[in-house]
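Notes to accompany the following structure.
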Protein chains: 2
Amino acid sequence: MHVSESDGPETAEDALAQLMMTVGRRFRARLDGDTVDPSQAALLYTLKCRGAMRLSDIADAMKLDASTVSRHVQQLGDREFIERGPDPVDGRASLIRLTEAGRVGLKFSFEQRRAILAEALADWNDEDREQLRIQLSRLATALGDHA
Amino acid sequence: MHVSESDGPETAEDALAQLMMTVGRRFRARLDGDTVDPSQAALLYTLKCRGAMRLSDIADAMKLDASTVSRHVQQLGDREFIERGPDPVDGRASLIRLTEAGRVGLKFSFEQRRAILAEALADWNDEDREQLRIQLSRLATALGDHA
DNA sequence: TCAATTGCTTGCATGATGCACGTAGTTATA
DNA sequence: TATAACTACGTGCATCATGCAAGCAATTGA
């Protein structure tokens, strides 16, 4: 066991595994006043980072079934958080693009999560926060890349 | 928006929000050969950290409905990953305790996640890893505490 | 032209979850 | 003591997210 009996985790890997387990629930849950659920927020975020994408590419990026993404896209489209345009190079596909309303909705989701985190990070000094930011960002990139 | 258009997140809070969104899926999914699903692994971890607990206390700690925990406990009990004993101070309740098999199952779940993370952290130096471990551990504690 | 492929959608089954309710055991009060 | 109120837990039911399989439409290749 790489987590000792009463101390904290012994490695960064275990610390992250513990963190995901401990707080995952709080991020997965739809937060108060939040307008998009976590999966759909992730979809919006993907579009924000990568620009207009085809549905199948979103499914690949998010490691979800295309049918699941199809339903999310429908719901987000109903709320005009995304819009679908034709793919100029393939008439079967459509390019899905974030709308301004979608940016606002995504921003709101981030703000909700920010509030929770800001509370936990309240007594961290700037250097620790910056270190954490850099490392988490690197980690997210590394985990996302080889996906 | 606290996440800039093409750079990484600008604050540690956003970096973590992004991380949860980016990789949450990989930890939530039942990994290959894994014997317990993520929710049940979290239950085992809770028992590991806090010792024998009553069902209602587990529900509080995990922020799940008691009925959900009841079902998890049944399934984990069937597989003898936990055992239920009488609560000496309340005949209605039972104390739920991790078995040795449960520790093994939990360890296996952690190993699975470790493998994914180790790959992503492969090129980090020891100092960065140690920093990350400390900060993640602190963060998990902070987030878990005010829960 | 027609078969095979690809992008997407829909029907269906499964599994996790919460709520409402029921049962058994406990505590408080007359 | 008797009885009412409360608590811990389990079960039935509805809901929702998801994946798989099948289908439809458009593209590509022979």
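Structure above, values below:
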item	result
Output for the stretch A:56-65, where each listed residue is exposed (fewer than 14 other Cβ atoms within 10 Å of the Cβ) and either touching a residue at least 24 places away in the same chain (Cβ under 8 Å) or away from every other protein chain (no Cβ under 13 Å) (or both)	A:Ser56, A:Lys63
Of all residues making up the stretch A:1-59, the number that are modelled with pLDDT under 70 and among the β-branched types (Val, Ile, Thr)	1
Hits in the stretch A:54-96 (condition: more than 10 Å from DNA strand D (Cβ to nearest atom) and in a loop (DSSP other than H, G, I, E, B))	A:Arg79, A:Glu80, A:Phe81
Single unsatisfied condition, A:Lys48 versus (1) in contact with an Asp or Glu (Cβ under 9 Å, 6 or more places away or on another chain); (2) within 16 Å of DNA strand D (Cβ to nearest atom)	(2)
Hits in the stretch A:89-111 (condition: touching a residue at least 40 places away in the same chain (Cβ under 8 Å) and of a type in the set (S, T, N, Q))	A:Ser94, A:Ser109
Filter result (facing chain B (nearest Cβ under 7 Å) and basic (Lys, Arg)) within the stretch A:104-147	A:Lys107, A:Arg113, A:Arg114, A:Arg129, A:Arg133
Selected residue (criterion: farthest from DNA strand C (Cβ to nearest atom)) from residues of the stretch A:60-72 that are at pLDDT 95 or above and under 20 Å from A:Pro86 (Cα atoms)	A:His72
Residue match in the stretch B:120-134 (condition: touching a residue at least 12 places away in the same chain (Cβ under 8 Å), hydrophobic (A, V, I, L, M, F, W, C) and more than 16 Å from DNA strand C (Cβ to nearest atom))	no
Of the criteria (1) farther than 30 Å from B:Asn125 by Cα; (2) in contact (Cβ under 8 Å) with a residue 12 or more places away in the chain, which one A:Pro86 fails	(2)
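Each row is one residue, and each column tells you yes or no for (1) among the aromatic types (Phe, Trp, Tyr); (2) closer than 21 Å to A:Met21 by Cα; (3) exposed (fewer than 15 other Cβ atoms within 10 Å of the Cβ).
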residue: B:Glu83; (1), (2), (3): no, no, no
residue: B:Pro86; (1), (2), (3): no, no, yes
residue: B:Ala101; (1), (2), (3): no, yes, no
residue: B:Arg114; (1), (2), (3): no, yes, no
residue: B:Leu121; (1), (2), (3): no, yes, no
residue: B:Asn125; (1), (2), (3): no, no, yes
residue: B:Asp128; (1), (2), (3): no, no, no
residue: B:Leu132; (1), (2), (3): no, yes, no
residue: B:Arg138; (1), (2), (3): no, yes, no
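The values are calculated or read from the model by the stated rules, or taken from the named source; none is laboratory data. Predicted model only: the values in this text are computed from it and were never measured. Using ideal geometry, Cβ is built from the backbone for each residue, glycine included, and neighbour counts are taken over all protein chains shown.
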